[in-house]
Amino acid sequence: MIIYAVSRGQYSDYGIVGLFSNKELAKEFIKLGGGDDIEEYELDQFKSHVRKGFSSFHVQMDKEGNTSNVHINNLEYNLEDRIDLQFEWKNYAYTGKVLLYTNVLASNKEHAVKITNEKRAQLIASGEWEEKEKEAILRKKQSEETESKRRIRRGY
């Protein structure tokens with residue numbers, strides 16, 4: 001069964017503000033000012049995957065297919081597939097490089113990298129990589145503006 005979560009905000013301001021049994025109700029909630037985005041989640045997804053021996057892996061990959069981080073997530077951390085492009089962080093600062101961040105259910109690290117690489121190739125071939133890269137740049141700007149406003153309010 002799919003549920004629809006309406007979320008608002010980004011990064012530390014992110015939160016789910018409503019859960020709905022169908023997409024139409026979620027859209028109506030957003031129209032009334034209840035949130036910004038709709039996310040889809042499958043209920044009880046982990047049961048069949050865990051029984052098959054799958055684990056949740058986090059993979060970071062650049063546009064050329066190089067991985068910088070592959071590790072197993074705790075089961076309670078995330079079982080949903082995640083595909084997102086974000087600026088890479090190192091030492092609490094943006095590096096200027098955009099990476100594909102995924103959470104995938106896979107049998108091992110190599111399988112997780114293979115799944116991520118296939119998603120990377122699909123994003124590039126469809127033109128979505130460039131689109132998502134622009135979204136990542138916009139999110140970065142919005143995050144920096146929000147942080148700047150917070151610092152001004154706090155007197156920094």
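Here, each number is a calculation from the coordinates, and none is a lab measurement. Predicted model, so just to flag it, every value in this text is computed and none were measured. Cβ: placed from backbone, ideal geometry, glycine included. Neighbour counts: every protein chain shown.
Suppose the chain between Arg154 and Asp36 were pulled fully straight at 0.36 nm per residue; how much longer would it get relative to their current alpha carbon spacing?
39.8 nm
Report the full-extension gain for the segment Gln122 to Glu64: residue separation times 0.36 nm, less the Cα-Cα distance, to one decimal in nm.
The Gln122-Glu64 span can extend by a further 19.6 nm.
How far apart, in nm, are the 7 Å Cα→Cβ label points at Leu43 and Thr146?
Placing both labels 7 Å along Cα→Cβ, they lie 3.0 nm apart.
Please report, to two decimal places, log10 I(q)/I(0) for segment 2-42 at q = 0.16, 0.24 Å⁻¹ as given by the Debye formula with identical point scatterers on the Cα atoms and no solvent.
-0.33, -0.69
Please give every one of the lysines within straight-line cross-link reach of Lys141, meaning a C-alpha to C-alpha distance under 29 Å, and leave out same-chain neighbours fewer than 8 residues apart.
Straight-distance partners of Lys141: Lys27, Lys31, Lys63, Lys90, Lys97, Lys119, Lys132, Lys149.
Note the full-extension length gain between Lys97 and Leu19 as 0.36 nm times their separation in residues minus their Cα-Cα distance, in nm to one decimal.
Length gained between Lys97 and Leu19: 24.7 nm.
So if we plug the beta-carbon distance of Glu28 and Ile2 into 1/(1 + (r/R0)^6) with R0 = 22 Å, what FRET efficiency do we get, rounded to 0.05?
Once the sixth-power term is evaluated, E becomes 0.85.
On a straight-distance basis, which lysines could pair with Lys52 in a cross-link, Cα separation under 20 angstrom, same-chain partners fewer than 8 positions away excluded?
Lys109, Lys114
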